[in-house]
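This report refers to the structure that appears directly beneath it.
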Amino acid sequence: MSPHAPGPGSPSPLRFGYGTNGLADLRLDDALALLADLGYDGVGLTLDHMHLDPLAPDLATRTRRVAERLQALGLSVTVETGARYVLDPRRKHGPSLLDPDPDDRARRVDLLLRAVRVAADLGAHAVHCFSGITPPGTDPDSAWKRLADGLTTVLDAAATAGVPLAVEPEPGHLLATLADFHHLRRLLGDPEPLGLTLDIGHCQCLEPLPPADCVRAAAPWLRHVQIEDMRRGVHEHLPFGDGEIDFPPVLAALAATGYQGLTVVELPRHSHAGPHFADLSLPFLRHAAPTPQGSTP
């Protein structure tokens, strides 16, 4: 169990969502209705073959319908690009921006450009992405150059669309830590549309600082937040209470930053019981979050 179980509290200024990658067995319409019924503020929408397929025909028309549905349900949205096999049915998260073949890298760039257009049409607060794993035989300098070159095109589109690009440090990837994010930021010349996706579990897994300190350190670049429980040194997304994270200090630090985006529950490996975990997660987060100033706990 986590060191401190949350107690009851009033709604916090933080806005909570749930990722559709943890509801993969539901139709998108049903998933959105479920989250609205449970009281979530929004959704982390992973573009995938079962949920607003970014490669199928009539993307703009289908996106418009989703935008209307989100508005009717009162849900905010962020667009996520972590679908496992949407581009390559044989290679998880492939191709990436680091692949040796420029045509493969171009396919990932195209997906991210589609995601930016979808995000703009949905009124999303950010587009999430990640670097990918360094291919065998690729030296670090070449990998960083490929990443920077690929993201330059996407950042230009994001600037035009007015949607920030939120890069996620991912364990095992080239860009794995907050220090790696800052390395990328310097390589690119600190472009305004470049922001950060902070996964709270990843902070517990491998960052040298505790998760609450990671939140404070990341605050100036924070554009999207993912959240779940996790254990030190083990990259396994866990339901709240099954890992080691003490959530009240983390959520207090997040609220203190003034972050306005969604904090999205990230439980893709629990999709088989997605509705159950969506039902459990929101009360946990609300109880762990700080109460608004002037509220009575």
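The values are calculated or read from the model by the stated rules, or taken from the named source; none is laboratory data. The shown structure was predicted, so the numbers you read here are calculated from the model rather than taken from an experiment. Note that we place each Cβ from the backbone using ideal geometry, even for glycine, and neighbour counts take in every protein chain shown. These area figures cover heavy atoms from the full protein model, side chains too; ligands, DNA and RNA do not enter into them. Shrake-Rupley method; radii C 1.70, N 1.55, O 1.52, S 1.80 Å.
Each stretch of four or more DSSP H residues adds -39500 (n - 2.57); spread over every residue of the chain, this sum gives -13000 deg cm²/dmol at 222 nm. Listed as lacking a disulfide-compatible partner in the chain: C129, C205, by the criterion of no other cysteine Cβ under 4.7 Å. Potential lengthening of the chain between R269 and L55 amounts to 74.7 nm, from the contour at 0.36 nm per residue minus the alpha-carbon distance. The stretch 112-149 and the stretch 36-77 have their alpha-carbon centroids 21 Å apart. Each of L35, L122, T153 was placed along the dipole of the chain (beta-carbon charges, centred on the mean Cα), and the one lying farthest toward the positive end is L122. The magnitude of the dipole of the chain, with charges of +1 and -1 set on the Cβ of Lys/Arg and Asp/Glu and taken from the Cα centre, is near 300 debye. Just the protein heavy atoms count here, and of the accessible area of the chain at 1.4 Å, carbon and sulfur take up 51 percent.
Once mean projected area of the Cα convex hull in nm² is calculated for the structure shown, the corresponding label among [x] 14.7; [y] 18.4; [z] 17.4 turns out to be [x].
Each Cα pair of the stretch 194-297 feeds into the Kirkwood radius, which the Stokes-Einstein equation turns, at 10 °C and 1.306 mPa s, into a diffusion coefficient of 113 µm²/s. A 1.4 Å probe run over the protein chains yields, for the stretch 24-117, 47 Å² of accessible area per residue, whole-number rounding.
Out of every Cα-Cα pair in the stretch 18-160, what percent are more than 18 Å apart? The partial results should precede the final answer.
Details: 5686 of 10153 pairs.
That tail contains 56 percent of the Cα-Cα pairs.
Only Cα sites of the stretch 119-168 enter the Debye sum here, all with the same form factor; the resulting log10 I(q)/I(0) across q = 0.18, 0.29 1/Å is -0.62, -1.09, listed in q order.
Per 0.36 nm of contour for each residue apart, how much would the distance between R91 and A148 grow if the chain were fully extended, relative to their Cα-Cα spacing? Present the calculation step by step, with values, prior to reporting the outcome.
Numbers: separation 57, 0.36 × 57 = 20.52 nm, distance 2.24 nm.
Gain on stretching R91 to A148: 18.3 nm.
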